[in-house]
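The values are calculated or read from the model by the stated rules, or taken from the named source; none is laboratory data. These numbers come from a predicted model, not from an experiment. Cβ placement follows ideal geometry from the backbone for every residue including glycine, while neighbour counts extend to all protein chains displayed.
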Amino acid sequence: MEIKTNEFSSFLNKVVMTGTQGLGEAILLFDSEGLKIKAASETNQSMVDSILRKEAFKDYEELGKICINDLQTVKKVMKRFDGTVKLSKKGNLLKIYTKGKQVEIELVDESFMKDDKKDPNLEFDDSFIMTGKQLKNIFDDVSLSRDSIIIINTEDKLVKFSNTGKYKFLTEFEAPNCKGGVKVSFGTPLIDAVSELRGDLECSVKSEYPIQIVEKTKFSEIKIIIAPLVTDE
């Protein structure tokens, strides 16, 4: 089967996350709907549940489970290809290739993979939509202060992002669905988990509770849940 390299690479970059939350291993499940990846970070501070639908592929095949234990390197491998790539599986090898170039990735046995990715039963008090660009700007502000904490407050039809540290930024924007009353704090895991997301993001929050951020595109849906930073305040 075949897929545009940038489509596949973009999906992996978002799902595999970065920094403290970067996934090392995961099961890539190619089933009747498409490629599904569900995994928790090594720190268990975030988890991702995602699908790249079969419509993103040409001549899609249900390859079943592909078990990889070095996803950060696989992200780099995909950057070595241009245009479109083809994927196939034979034995314990995943082959990614295009005209004049190929790579074979050695897979691991499923018995060596951890499987603790149960769907959490979460309920939220407020939700709002923001763009990936808005979120990146907030993260860039926060990065100017060392070890700062990101604080999300909701008011009636309004969301406020602020941070602790030497440079205390405040960013606010309209959020028609917000009732108000939510206050929740996050550390670096929030930045590392969702910094690759783009487009419109559906954010769901509750005081001192995980945040859920969902990005939907033409071919994919990615849901990332990040644990809050519990403070003494």
Practice task
Among what's in region 156-212 and is at positive phi and among the small types (Gly, Ala, Ser), pick the residue that is nearest to the chain's Cα centre (by Cα).
Solution key: 199
Completion exercise
Every listed condition ((1) touching a strand residue (DSSP E or B) at 6+ places or on another chain (Cβ under 8 Å); (2) exposed (fewer than 14 other Cβ atoms within 10 Å of the Cβ)) holds for residue 124 save (2)
Exercise for the section: Could you grab the pairs with beta carbons closer than 6 Å, sequence gap of 6+ or different chains, first residue in region 129-146 and without any contact (Cβ under 8 Å) to a residue 24 or more places away in the chain, second one of a type outside the set (Ser, Thr, Tyr)? Expected result: 145/165; 145/166
Fill in the blank from the handout: Going through region 66-83 in order, the residues found to be exposed (fewer than 14 other Cβ atoms within 10 Å of the Cβ) and under 18 Å from residue 2 (Cα atoms) are 79, 80, 82, 83
Problem - Qualifying residue in region 176-190 (condition: of a type in the set (Ser, Thr, Tyr), part of a strand (DSSP E or B) and closer than 23 Å to residue 40 by Cα) - result: yes
Problem - Pairs, first among the acidic types (Asp, Glu) in region 3-24, second modelled with pLDDT of 95 or more and not in a strand (DSSP E or B), C-beta under 8 Å, six or more apart - result: 7/56; 7/219
Handout entry: Selection status of residue 151, among the β-branched types (Val, Ile, Thr), surrounded by 15 or more Cβ atoms within 10 Å (Cβ to Cβ) and assigned to a strand (DSSP E or B)
Key = yes
Practice task
Name the single residue, out of those in region 12-63 being acidic (Asp, Glu) and outside any helix (DSSP H, G or I), that is surrounded by the fewest Cβ atoms within 10 Å (Cβ to Cβ).
Solution key: 59
Exercise for the section: Could you tell me whether residue 107 is touching a Cys at 6+ places or on another chain (Cβ under 6 Å) and not acidic (Asp, Glu)? Expected result: yes
